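First comes the structure, then the notes that go with it.
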Amino acid sequence: MAPEPDDPVLTRQDVAKVAKLALLDLSDEELDRFTPQLAAVLEHARDLQSFDLTGVPPTHHPFPLVNVFRPDEVELADDVREEALAAAPAVEDHQFRVPPVLGESA
Amino acid sequence: MTATATPDTIDAGLPAGWEMVIGLEVHAELATATKMFSPAPNRFGGDPNTNVHPVCLGLPGTLPVVNGKAIELAIRIGLALNCTVQRCVFARKNYFYPDMPKDYQISQYEEALNVDGHLELPSGPVIGIERAHLEEDTGKSTHMGVSGRIHDAGYSLVDYNRAGVPLIEIVSRPDLRTPDQAREYVDELRSILVTIGASDGKMEEGSLRVDANVSVRPVGATELRTRCEIKNVNSLRSVGRAILYEARRHVTLYEAGERPIQETRHWDEEAGRTRAGRSKEEAEDYRYFPDPDLVPVDPSPEWIDEIRATLPPLPSQRRHALMDRGAPAAGAAIAVSRDLDGLALAAIEAGADAERVITHVANNLAVDRAESLSPAHFADLIRMESAGELTATQAKQVLADMVATGRPPGDIAAEKGFQAMDSSELETLVNGIIDANLDEWGRFCAGDDKARGKLQGFFTGQVMKATKGQADGKAVNALLMARLARDTA
């Protein structure tokens, strides 16, 4: 449903919430700056929403391709594990060592 | 609240006037050789981080490519669950958790591969399937506490062997009403997945995992009340226990004038209870959007028909084949679950009584030896039993010999000197035993059901002893009951 033209398209609180979900730590000054910038993008989407698109299927992909599959055949590069672990900040027992995870139990 | 959960049966007991509304989300790992979007091996176990590939590690610059076999298996599942198989797209489910290195999981959201199906429980009810969509499994993180406490600081170790394994998520409609039905549903679903070769269905290895959505409502109401999603239900037994616990929790809240809040809860098997998840509300906002790295899947009608033609008979079809020939529903379900329905069907087709066939197949045949049994000999045995030439006990013994030796039942019965005891002969014997044990008989006549059950076992035992086990137990019981009716009249 298209929003009313007078509704604010995006509030500062919306931006703060999206930033939190994306683990971005934005300052008050940044929130003030980004809110109108992002709102401008959404204003454009609001223009598109004014069209009646009943019965028009969504475009999921710009290429008119479907069913791009690969065969179910194993390909293993031997050194993937060592290379990946070597790039990790912390490693223990060939596993990636990470800070404790919220809600996880022993 | 008096009922308690036991391993085999669960009292559906909610306080009078309440009923449960249960929907299940079952995740099953598909039996492919490689992962959903990368050519790394899909296999259980292995040294940490050995079944990995740059794609499933989420390394920059990598792109997913769909495993065609996973699509084929998912379509098999859709068809087996009577779903509409349709054009679909992959979507990104965004969240931060170290077991998902890309910081999103590829799943399906608005347009799933399989929708609007159903599954018939062995006990009869038909359960709606809302959708069965494809996604990728996550890695596995293990919490390492520094002090041994559960929620202390510590750290986690992450193994990506499982990350990217193809998963199907099968979402039922909220059509289940009891914990037993929920267990039956999971069992039937597992049996379908294994039968069609789509998954190994091993709950103990995590190939099949269950989340339960539970709410309660007054009996007769049609509305859906606030539900809680219970995670971490990893065995058939815990499916029933967790649902019962959660439903009772809701009833207790309503009866105290409160109401449950919609949340994700975790089943604690040891404590036998569910606990509120600790994750924050916002973490559930996944901001799905179509994955631009992947093009839609649009299976042609010809491909779907081709897959349909390779489906083996499904458990429900196999049960109905037996039931259509006079087998009782419960026995037919056991025969199919023991994979002995082919033998049962052949024996019934050869003229044997369906109920007796099912009794033997369900109770007296070891699955691993039964394949040596000729259906024709099996049918002959049932005919002898039906004609009263053998008692149930004798038939059971002959059957054991048939399986061991492959010889026909007539030869074995003759060799053992089996012949059914004449009914008047048996009556004389039963009366003789009663007369020799008049104290017990008096207590049998006067006792309650429990005492009577014990003493019935005593009398049957005496008769079996006197006949070296050749008497027909059912006939003995009938004689005891007839005499009881006379003596207490």
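The values are calculated or read from the model by the stated rules, or taken from the named source; none is laboratory data. The shown structure was predicted, so the numbers you read here are calculated from the model rather than taken from an experiment. Glycine also receives a Cβ, built like all others from the backbone with ideal geometry; neighbour counts cover every protein chain displayed. Quick note on the areas: whole protein, heavy atoms, side chains included, nothing else; ligands and nucleic acids left out. Shrake-Rupley method; radii C 1.70, N 1.55, O 1.52, S 1.80 Å.
Look at region B:98-115 and say how many of its residues are within 11 Å of another protein chain (Cβ to nearest Cβ) and touching a helix residue (DSSP H, G or I) at 6+ places or on another chain (Cβ under 7 Å).
Matching residues across region B:98-115 total 0.
Just to be sure, is residue A:63 loosely packed, with under 10 Cβ neighbours inside 10 Å, at the interface with another protein chain (Cβ under 7 Å from one of its Cβ atoms) and without any contact (Cβ under 8 Å) to a residue 24 or more places away in the chain?
yes
Could you grab the pairs with beta carbons closer than 7 Å, sequence gap of 6+ or different chains, first residue in region B:305-318 and touching a residue at least 40 places away in the same chain (Cβ under 8 Å) and open to solvent by less than 90 Å² (accessible area, probe 1.4 Å), second one part of a helix (DSSP H, G or I) and of a type in the set (S, T, N, Q)?
Cβ pairs passing all conditions: B:312/B:195; B:314/B:195; B:315/B:191; B:315/B:195.
Taking region B:69-87 on its own, how many of its residues are facing another protein chain (nearest Cβ under 8 Å) and crowded, with 16+ Cβ neighbours inside 10 Å?
Just the residues of region B:69-87 that are facing another protein chain (nearest Cβ under 8 Å), to begin with: B:69-71, B:87.
From the residues that got through so far, the ones that are crowded, with 16+ Cβ neighbours inside 10 Å too are B:69-71.
Summing the residues that are facing another protein chain (nearest Cβ under 8 Å) and crowded, with 16+ Cβ neighbours inside 10 Å in region B:69-87 gives 3.
Filter region A:21-54 for residues that are open to solvent by 80 Å² or more (accessible area, probe 1.4 Å) and assigned to a loop (DSSP other than H, G, I, E, B); which is nearest to the other protein chains (Cβ to nearest Cβ)?
Looking at the filtered set, the residue picked out is A:23.
Run down B:470, B:456 and say which single residue is part of a loop (DSSP other than H, G, I, E, B) and surrounded by 15 or more Cβ atoms within 10 Å (Cβ to Cβ).
Exactly one of B:470, B:456 is part of a loop (DSSP other than H, G, I, E, B) and surrounded by 15 or more Cβ atoms within 10 Å (Cβ to Cβ), namely B:470.
Regarding region B:26-43, can at least one residue be identified that is more than 7 Å from chain A (Cβ to nearest Cβ), among the β-branched types (Val, Ile, Thr), touching a residue at least 24 places away in the same chain (Cβ under 8 Å) and within 15 Å of residue B:135 (Cβ to Cβ)?
yes
Taking into account only those residues within region B:162-196 that are open to solvent by 10 Å² or more (accessible area, probe 1.4 Å), part of a loop (DSSP other than H, G, I, E, B) and touching a Ser or Thr at 6+ places or on another chain (Cβ under 9 Å), which is nearest to the other protein chains (Cβ to nearest Cβ)?
B:162
Within region B:339-351, is there a residue that is in a helix (DSSP H, G or I), farther than 30 Å from residue A:57 by Cα, open to solvent by less than 40 Å² (accessible area, probe 1.4 Å) and in contact (Cβ under 8 Å) with a residue 60 or more places away in the chain?
No - not one qualifying residue is present in region B:339-351.
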